[in-house]
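The values are calculated or read from the model by the stated rules, or taken from the named source; none is laboratory data. Since the model is a prediction, treat every value here as computed from it, not as a measurement. Heads up, the Cβs are rebuilt from the backbone with ideal geometry, glycines too, and the neighbour counts pull from every protein chain shown. Each accessible area value is taken on the protein alone, full model and side chains, heavy atoms only, with ligands, DNA and RNA left out. Shrake-Rupley method; radii C 1.70, N 1.55, O 1.52, S 1.80 Å.
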Amino acid sequence: MRKLIVSEFLTADGVIEAPNEWHGPYFDDDMARTVSAQMAATDALLLGRVTYEGFAAAWPAMIDEPGGAHMNGVAKYVVSRTLDKAEWNNSTLIGADPVDAITRLKEQDGKDITVAGSATLVQWLLRQGLVDEIDLLIDPVVVGRGRRLFQSGLPTTALTVLRSESFGSGVQHIVYAPQRA
C-alpha cells in the first residue's frame, strides 16, 4: 500500500504561504539532498486547486530546472469541485467522492503519493484520516503573516516523530506520523 505523505516548507511560526518570499536563503545542500530523496520516493502528487493552478502555471517552463522533469512527468491528482479540466501533463481531476478516489490511489501499486502546498486539502485529509506521514522542513524564520498549515478547527491529532534532523542552515526536518485511534 502506498503512503500519503504531506511534504511542506514552513516558517517557525507555521506559515506555509508564499515560500518564494522566505524560503530561498535556507535552500542548501542538505535541503537539496532531502528534497531529491522525497521526489525519488514518489510517483504521484495530490494537490488542491490553488496549488495545482500555481504549479501548472510555473513548472512547465522549468523543465530543465532541478526537479523540473519530476514535477512535469509525475502523475498529478487534483482535488477540486470547481475545476472543469486539468491540462498540465499527467493530471487527473478528483471531484466526486474524493475519499474513495484517494483510498483507491493508496491501494494501487507504486511509490508514495505526496501532497505539497494545498493547506486546505491537507486539513481535510487529516480530518479524513488519510495522511500517513507529515514531512516538514521548518525554516528558522518568523514572518508573522500568511496562511498557516494547521488552521483553527482541526481536531487534536497526536503525532509520533518518525525521524528528525537539523541542517547547518538552521532548518529542522521533522517527519511525523499521525497516531491512529
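So which residues in the stretch 68-81 are surrounded by fewer than 16 Cβ atoms within 10 Å (Cβ to Cβ) and more than 23 Å from Gly95 (Cβ to Cβ), if there are any at all?
Going residue by residue through the stretch 68-81, those that are surrounded by fewer than 16 Cβ atoms within 10 Å (Cβ to Cβ) are 68-69, 73, 81.
Passing the criteria: Gly68, Ala69, Gly73.
Only residues in the stretch 101-120 that are of a type in the set (Lys, Arg) count as the first member; pair them with residues that are part of a helix (DSSP H, G or I), Cβ under 9 angstrom, at least 6 apart or cross-chain, and list the lot.
Final answer for the pair search is Lys111/Ala40.
Pull up the stretch 137-153, narrow it to residues that are over 10 Å from Ile16 (Cα atoms) and open to solvent by less than 10 Å² (accessible area, probe 1.4 Å), then point me to the one that is nearest to the chain's Cα centre (by Cα).
Top of the filtered list is Leu137.
Filtering the stretch 156-181 down to residues that are open to solvent by less than 70 Å² (accessible area, probe 1.4 Å) and in a loop (DSSP other than H, G, I, E, B), which residue is modelled with the lowest pLDDT?
Thr157
Taking the conditions exactly as written (surrounded by 14 or more Cβ atoms within 10 Å (Cβ to Cβ) and in contact with a strand residue (DSSP E or B) (Cβ under 7 Å, 6 or more places away or on another chain)), does Val115 satisfy them or not?
yes
If you take the residues in the stretch 92-127 that are in a helix (DSSP H, G or I) and of a type in the set (Ser, Thr, Tyr), which one is nearest to Val79 (Cα to Cα)?
Out of the qualifying residues, it is Thr120.
Among the residues in the stretch 146-154, are any polar (S, T, N, Q), in a strand (DSSP E or B) and closer than 25 Å to Asp13 by Cα? Before you say what the answer is, go through the steps one by one.
At the first step, the residues of the stretch 146-154 found to be polar (S, T, N, Q) are 151-152.
Still in the list and also in a strand (DSSP E or B): none.
No, the stretch 146-154 contains no residue that is polar (S, T, N, Q), in a strand (DSSP E or B) and closer than 25 Å to Asp13 by Cα.
One line per residue, one yes/no per condition, for (1) within 14 Å of Leu4 (Cβ to Cβ); (2) at pLDDT 95 or above:
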| site | (1), (2) |
| --- | --- |
| Asn90 | no, no |
| Gly95 | no, no |
| Lys106 | yes, yes |
| Asp112 | yes, yes |
| Ala119 | no, no |
| Trp124 | yes, no |
| Gln128 | yes, no |
| Val131 | yes, yes |
| Ile134 | yes, yes |
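If I filter the stretch 1-38 down to residues being in contact (Cβ under 8 Å) with a residue 12 or more places away in the chain and basic (Lys, Arg), which single residue comes out as most open to solvent (accessible area, probe 1.4 Å)?
Out of the qualifying residues, it is Lys3.
Determine, yes or no, whether Leu130 is within 18 Å of Leu47 (Cβ to Cβ) and assigned to a helix (DSSP H, G or I).
It is false that Leu130 is within 18 Å of Leu47 (Cβ to Cβ) and assigned to a helix (DSSP H, G or I).
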